[in-house]
Structures are given as C-alpha cells and as structure tokens.
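All remarks here apply to the structure that follows.
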Amino acid sequence: MRVTLLRRALSSIQTCWQYQLGTAVFFGLLAIIGTHSGLIVDVHNDGAIIKWASKIASPLKQSHAIIGFRDLMALTAGLFGGPWVGLGAGLMAGAERYALGGYAGTISAIATVLQGFGAGLSRHFWPQWTVTAWGILVVSVIGTCLQKLLLFSFIHPHSDAVALVSETLVPVLVVNSLGCLLFFVVMKDLGSDQLKIDAQQAQLCALQAQVEPHFLNNTLNAIQTLIGIDPKSASEYVVKLARFMDNTRQNASVNAIPLAEELAQLKYYLDFQNLRFPGKFRFHDDVPDSLMAYHISPRSLQTLAENALIHGRRGKEGVLNITIKGVDYGEMMQLSVLDNGYGISPERVEQLGKQPVKSEREGGGTALHQLSQSLDLAFNGRAKLDIHSQLGTGTEVILKLPKRSKPW
C-alpha cells in the first residue's frame with residue numbers, strides 16, 4: 001500500500017486541486033468496481049442471488065438490488081480527501097449506480113453521494129478526530145445507518161424495504177467498519193512514511209549545511225591574501241561570496257532547484273577554488289539550454305565537481321580538466337561530470353555511492369553516498385548514479401534523472 005501517488009496526495013491534497021480531482025476519480029473508480037463486485041439480490045424471490053449480465057452496464061430488473069462495497073469507497077474518499085474528494089467520488093459512483101437502475105437504484109445513488117460528502121465534511125470540521133480509530137468507526141456506522149434509513153423511508157412497499165434492511169444492515173455495517181478501519185491503518189502507514197521522508201530531507205539539508213563553514217574559512221583566507229595583491233578583485237570576490245552564501249542559505253530549505261541555478265552555484269564555487277589554486281584546473285560545461293529549467297537536488301553537481309577537484313588532483317601532473325555534459329533523452333536527462341585526474345581503483349568504484357566509504361580526505365565516499373540517498377529519495381528510485389573510472393586516466397560520474405519541471 002506504500003504507493004508513491006497516494007503518499008504524494010497525502011501531503012498535497014488539501015492545497016492542490018489537481019490531486020483532489022485525481023484522488024476523487026481514483027476512489028470513484030474503486031467505488032464503481034465495488035458495485036460490480038457485489039451481489040445482485042432478487043428481493044421478490046426470497047433474496048435469491050442473480051448472476052451479473054455479460055455486459056457491465058446492462059440495466060437491472062426492477063426487483064434486483066446490489067449489495068457491494070461501493071459505499072465503503074465513498075466513505076473512504078471523504079475521510080481521505082475531505083468534502084470535495086468525497087463528493088466527487090460519490091457523484092461518479094452514484095451516477096453509475098443510478099444508470100444501472102433496479103431496486104432502490106435512485107435512493108442508493110443518492111445515499112452514496114451523501115456518504116462521501118458527509119464523511120468529507122467530518123474530515124473538514126473534525127480533522128483530528130477523524131484520524132482516530134474511534135472517529136473513523138463512528139463515521140462509517142453513521143454513513144451506513146444513513147443509507148439504510150433512506151431505504152426504509154423512501155422504498156415502497158415497506159415490507160420489501162424492511163426485509164432488505166434487516167438482511168443487510170449487520171453485514172454491511174461490518175464490512176464498512178472494518179474497511180474504514182483498514183483505511184485508518186493505511187493512513188498511519190503513509191503518514192509514518194511521510195515523517196520518515198521529512199526527517200531524511202532535514203538530515204540531508206543539515207549535512208549540506210555542515211560543509212559550508214570549512215569552505216567559507218578557506219575562501220576567506222584566499223580573499224584576505226588577495227587584498228594585499230589586488231584590492232579591486234578582492235572586493236569583487238567578496239560580492240560573489242555574499243551571493244553564493246545567500247543562494248546556499250535559500251537552497252538549504254528546498255528539495256529542488258532548476259539546473260540553471262545549480263550550474264550558476266557551481267561556477268561560483270569553482271571560481272573560489274580557482275582563487276585558491278590558480279592555474280591548477282580548467283572547467284568547461286556542455287549542457288543544452290533545453291535542460292536548464294528542469295529541477296535537480298541542490299548541490300548535486302557541486303558535490304561531483306568538488307570530488308573531482310579534491311581527489312582528481314592527487315598525484316596529477318599538469319592541469320586538471322573538469323567537464324560537465326548534459327544529454328536530453330526525452331523523459332530523462334543525463335548529467336555527467338568528467339575529469340582527467342588520478343582515477344579510482346575498481347574496488348573503490350564498486351563501493352562508492354552504495355555505502356559510506358572512508359577517505360583520506362574530508363568528504364569523498366560519504367558525500368557520494370549522501371548524494372545517492374538524496375536522489376533516490378527525490379526521484380522515488382528512478383534516478384541512477386553510475387561511476388566509471390580508470391587509474392591514471394580519469395573519472396566520469398553519470399547522473400540519470402527523470403525530468404521534473406517543478407520542485408517536489
């Protein structure tokens with residue numbers, strides 16, 4: 001039951017009408033399935049069970065009633081999404097039940113709509129109460145009794161209504177109550193997952209923030225040295241550093257930024273590193289404009305370039321070249337960070353990104369592991385991090401990501 005769409009709807013359904021509409025359609029379809037998975041009972045033939053016709057939309061005979069879990073889905077829709085979701089799901093399933101006709105078709109359709117809307121209103125006005133087992137049980141019992149009351153009040157002759165209600169009240173009450181309580185368990189599970197995700201996101205933001213003091217100290221020292229050599233350039237670097245730190249502060253509180261912003265931050269970072277290590281490396285990017293608006297996790301490329309700069313220069317003679325390439329693959333995009341540095345041993349490549357790896361220098365394998373976790377969390381397992389390296393030749397780290405036009 002740990003469905004990504006439901007988990008996302010859980011956090012966005014109260015503020016996003018698209019999720020409300022999608023959830024209403026989802027539960028409406030389940031309610032329609034509940035109708036056609038039920039039993040057809042002939043109320044004029046001692047409750048004999050009738051087989052469904054071969055055509056799913058075939059109208060029922062006037063003496064045929066349906067006993068299914070349609071109303072359970074309407075109640076669940078309201079409890080999950082509030083009044084508009086409950087009303088939407090109830091209208092879908094109710095309209096389909098009305099079209100089938102048969103015994104009490106109109107009253108059953110109206111009852112389905114009222115149950116979905118009523119459960120949604122209870123969620124709206126008593127949100128804390130309706131996420132408890134007792135509250136959900138009360139809502140399901142009231143909704144079921146409402147449906148039976150409508151049947152008893154408006155179906156003639158009363159003898160048929162009494163017979164139908166007395167035969168179905170207890171089993172329907174049990175099914176609706178147990179079904180709604182099962183929903184309660186699923187909701188707790190989804191809520192627990194959401195809390196874990198939020199905690200992981202907070203942890204990742206904290207880990208990002210921990211990098212900054214070390215980087216800031218080194219950069220300030222480099223600027224201080226530059227003041228005595230070129231005061232004007234030093235002043236420009238102070239302005240750049242202020243912009244970089246302000247962007248970093250803003251990015252620490254979000255899960256995603258456009259690729260264009262990530263590249264801008266990366267260029268700031270490499271500019272500061274060039275101040276510390278003049279002439280030691282060159283940077284080139286080859287990313288098409290078509291990818292610039294898509295979102296990625298903050299510091300994704302910076303982490304990879306940081307690793308290339310720190311570890312690639314070890315034992316490297318000459319200038320280190322760092323290149324970032326982007327490739328548009330339709331629904332996916334690929335971002336690669338290449339260097340001609342020292343390279344990584346095959347044994348270490350097998351571990352990087354999959355688990356924290358001890359490094360002689362700060363960061364290293366731990367940073368790649370954190371990045372891998374962040375991508376897996378952000379893209380629900382669809383993102384992929386690959387590392388190709390050869391000692392003495394260089395390293396290529398590849399990110400394959402689904403395109404996301406909006407932050408998550």
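The values are calculated or read from the model by the stated rules, or taken from the named source; none is laboratory data. Just so it is clear, the model here is predicted, and its values are computed rather than measured. Heads up, the Cβs are rebuilt from the backbone with ideal geometry, glycines too, and the neighbour counts pull from every protein chain shown.
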### Query
Hey, any hits in the range 115-130 for a residue that's of a type outside the set (Lys, Arg) and touching an Asp or Glu at 6+ places or on another chain (Cβ under 9 Å)?
yes
### Query
So which residues in the range 140-160 are in contact (Cβ under 8 Å) with a residue 12 or more places away in the chain, more than 44 Å from the chain's Cα centre (by Cα) and assigned to a helix (DSSP H, G or I), if there are any at all?
152, 154, 160
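For every residue, the table says whether it meets (1) over 25 Å from residue 25 (Cβ atoms); (2) of a type in the set (Phe, Trp, Tyr).
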residue: 90; (1), (2): no, no
residue: 107; (1), (2): no, no
residue: 110; (1), (2): no, no
residue: 113; (1), (2): no, no
residue: 134; (1), (2): yes, yes
residue: 155; (1), (2): yes, no
residue: 161; (1), (2): yes, no
residue: 170; (1), (2): yes, no
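Just to be sure I understand, how many residues within the range 125-134 are assigned to a helix (DSSP H, G or I) and either modelled with pLDDT under 90 or touching a Ser or Thr at 6+ places or on another chain (Cβ under 7 Å) (or both)?
Number satisfying all stated conditions: 5.
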### Message
I'm trying to understand the selection: among the residues of the range 282-310, which are surrounded by 22 or more Cβ atoms within 10 Å (Cβ to Cβ) and either of a type in the set (Phe, Trp, Tyr) or more than 15 Å from residue 269 (Cβ to Cβ) (or both)?
### Response
296, 297
### Query
Does residue 264 satisfy the condition of being within 29 Å of the chain's Cα centre (by Cα) and either buried (at least 16 other Cβ atoms within 10 Å of the Cβ) or assigned to a helix (DSSP H, G or I) (or both)?
yes
### Task
Give the residue that is modelled with the lowest pLDDT, with candidates limited to residues of the range 381-400 that are in contact with a strand residue (DSSP E or B) (Cβ under 8 Å, 6 or more places away or on another chain) and not in a strand (DSSP E or B).
382
## Note on the structure
Looking across the range 217-244 at residues that are surrounded by fewer than 11 Cβ atoms within 10 Å (Cβ to Cβ) and within 17 Å of residue 265 (Cβ to Cβ), the single one that is nearest to the chain's Cα centre (by Cα) is 242
